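Encoded as structure tokens, the structure appears first; notes follow it.
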Amino acid sequence: MRCPGGSAAARRTSARAISRRSRIGAACYHCAYGVNGDYLDLLREHGVSFTGVDDQGEVRVAELPGHPFFLCTLFQPELGGEETRPHAVVRAFAAAAAGHAASRDGA
């Protein structure tokens, strides 16, 4: 799994850290799903950023910049966690949810 720089995930955790940890999870199963290449340009035109690909160059991570936490994965991050520590994507989601809840409580 490779995650180019500049992604929203990089601002929340680290796209490279997510990528390194994703190798473990992504390697332990086979995902037969993927993004239809016919729609990549249309999705890009509407703001979707494709920020992670697998070793074959297939899209595995998509994000919507400007959204508090819109991150789609075509791998299972929960399978890449360690026994005592969840995967970086799961931790980033939990942190974003907690931050959102705190901002609503403080408003």
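The values are calculated or read from the model by the stated rules, or taken from the named source; none is laboratory data. Keep in mind the model is a prediction, meaning the values are calculated, not measured. Here Cβ is always computed from backbone atoms with ideal geometry, including for glycine, and neighbour counts include all displayed protein chains.
Any residue that is on the phi < 0 side of the Ramachandran plot, at pLDDT 85 or above, surrounded by 12 or more Cβ atoms within 10 Å (Cβ to Cβ) and among the hydrophobic types (A, V, I, L, M, F, W, C) - is there at least one of those in the range 24-38? Within the range 24-38, one or more residues are on the phi < 0 side of the Ramachandran plot, at pLDDT 85 or above, surrounded by 12 or more Cβ atoms within 10 Å (Cβ to Cβ) and among the hydrophobic types (A, V, I, L, M, F, W, C).
In the range 50-86, of all residues being among the small types (Gly, Ala, Ser) and within 24 Å of residue 98 (Cβ to Cβ), the one that is surrounded by the most Cβ atoms within 10 Å (Cβ to Cβ) corresponds to 52.
Among the residues making up the range 71-107, those that are assigned to a loop (DSSP other than H, G, I, E, B), of a type outside the set (Val, Ile, Thr) and free of Cβ contacts under 8 Å to residues at least 12 places away in the same chain are 82, 83, 85, 86, 106, 107.
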